[in-house]
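Novice: Mind having a look at this structure? Questions to follow.
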Amino acid sequence: MEAPILRSALMVICLSTAFLFRREGDFFSALSFAGIICLLLQPSWVNSLGFHLSFVTVGGLGLIRWEVPTEFRSAGGIVGHYVRQLAAGSYVAWLFSTPLVAAHFGSISLISVVANVVLAIPASGIVILSIFAHAMDSLFPFFGAGVMLVFVLPLTQWVDWLGWFGNLPGAAIEVPRFSGYWLILIYAVLFWIGWSGDRRA
């Protein structure tokens with residue numbers, strides 16, 4: 001199993017375990033436990049940028065107070081609410097991943113917040129439709145193949161086309177690389193601000 005898939009699966013399992021036992025879950029305890037299990041399975045991940053980005057970004061997203069309104073006045077209200085939630089998640093993911101990316105690669109993306117929102121639509125469609133096509137393939141092979149050809153392939157091409165914008169001049173700015181020790185202070189401040197804001201809310 002690929003490392004990102006394994007890390008994601010362990011995160012989901014650890015975050016969901018409390019609900020299986022009808023207990024209130026603690027996000028950061030579960031995330032820490034998932035991190036410990038990952039490092040026990042593969043200690044070399046302690047030096048992996050992918051490992052760091054996975055847990056730091058998910059930890060940042062865990063600071064957001066995700067609201068699920070019980071009712072909406074219109075379909076536009078539903079779309080507007082979830083677009084705002086998606087934009088907030090994209091911004092937080094960018095904010096928490098940027099210091100690590102800057103330290104390793106010496107660059108900061110200027111378009112990733114918008115790009116993540118735009119990419120989320122086709123990416124979600126690709127995942128959902130691919131699962132549906134795979135499920136139907138065993139019963140109606142031509143139908144599953146048709147779904148992949150008519151819907152999934154254009155969405156994949158859309159994602160590839162949007163990825164081209166990341167190579168445009170001005171899509172990122174170069175910054176001086178800095179010691180990884182500064183990341184300890186940077187993330188301590190980010191999590192303190194996020195945690196304080198969450199408690200006040």
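Novice: From the list 73, 84, pick out the single residue that is over 21 Å from residue 163 (Cβ atoms), charged (D, E, K, R), at pLDDT 80 or above and out of contact with any strand residue (DSSP E or B) (no Cβ under 7 Å at 6 or more places or on another chain).
Specialist: Just one listed residue meets the conditions, 84.
Novice: Is it the case, given these coordinates, that residue 53 is modelled with pLDDT of 80 or more, under 20 Å from residue 184 (Cβ atoms), in a helix (DSSP H, G or I) and more than 20 Å from the chain's Cα centre (by Cα)?
Specialist: Against the criterion (modelled with pLDDT of 80 or more, under 20 Å from residue 184 (Cβ atoms), in a helix (DSSP H, G or I) and more than 20 Å from the chain's Cα centre (by Cα)), residue 53 does not qualify.
Novice: Regarding residue 131, is this residue of a type in the set (Val, Ile, Thr), surrounded by fewer than 15 Cβ atoms within 10 Å (Cβ to Cβ) and over 17 Å from residue 54 (Cα atoms)?
Specialist: yes
Novice: Sort out which residues of the range 161-183 are part of a helix (DSSP H, G or I) and either surrounded by 10 or more Cβ atoms within 10 Å (Cβ to Cβ) or touching a Lys or Arg at 6+ places or on another chain (Cβ under 8 Å) (or both), and write them in order of number.
Specialist: Listed by number, the residues that qualify are 161, 162, 163, 165, 166, 182, 183.
Novice: Looking at (1) under 22 Å from residue 87 (Cβ atoms); (2) surrounded by 16 or more Cβ atoms within 10 Å (Cβ to Cβ); (3) not hydrophobic (A, V, I, L, M, F, W, C), can you tell me which one residue 124 breaks?
Specialist: (2)
Novice: Would you check which residues across the range 17-35 are part of a helix (DSSP H, G or I), without any contact (Cβ under 8 Å) to a residue 12 or more places away in the chain and farther than 19 Å from residue 57 by Cβ and list them?
Specialist: 19, 20
The values are calculated or read from the model by the stated rules, or taken from the named source; none is laboratory data. Note that this is a predicted model, so its numbers are computed, not measured. Note: ideal-geometry Cβ built from the backbone for every residue, glycine included; neighbour counts use all protein chains shown.
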